[in-house]
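K.L.:
This structure is in structure tokens; I'll ask about it shortly.
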Ligand code: SF4
Ligand code: SF4
């Protein structure tokens, strides 16, 4: 039996709802940690989730409520 009790590196689970996102780039511009990168259409890709400091700026700034940040640890 294996124990799975390791702390993950990623501190948050960040998701972008593709149906709601209008590719305005606000989340990419406001994220202080550069978690997002734009694909060639301007759509944010969650590239560096381990950098996330859970400031929630992307969530509150997204005009279309497309970003969700779930906090994974309880520091
Ligand atoms: S702020 Fe919201 S709508 Fe704009 S690019 Fe980011 S996820 Fe998409
Ligand atoms: S919560 Fe803050 S650090 Fe994390 S992805 Fe959003 S804007 Fe970036």
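K.L.:
Among the residues of the range 21-37, write down those that are surrounded by 15 or more Cβ atoms within 10 Å (Cβ to Cβ) and in contact with a strand residue (DSSP E or B) (Cβ under 6 Å, 6 or more places away or on another chain).
P.N.:
Within the range 21-37, 27, 28, 36 qualify.
K.L.:
Right, something else. For the range 61-75, which positions are surrounded by fewer than 12 Cβ atoms within 10 Å (Cβ to Cβ) and not in a loop (DSSP other than H, G, I, E, B)?
P.N.:
Scanning the range 61-75 gives a single hit, 70.
K.L.:
What number of residues in the range 20-54 are in a loop (DSSP other than H, G, I, E, B) and in contact (Cβ under 8 Å) with a residue 24 or more places away in the chain?
P.N.:
10
K.L.:
Please go through the range 12-35 and pick out each residue that is within 14 Å of ligand 1 (Cβ to nearest atom), in contact with a helix residue (DSSP H, G or I) (Cβ under 7 Å, 6 or more places away or on another chain) and within 17 Å of residue 71 (Cα to Cα).
P.N.:
Passing the criteria: 14, 31, 35.
Values in this text are rule-based calculations from the coordinates and carry no lab data. Just so it is clear, the model here is predicted, and its values are computed rather than measured. Quick reminder, even Gly has a Cβ in these numbers, built from the backbone with ideal geometry, and neighbours come from all protein chains shown.
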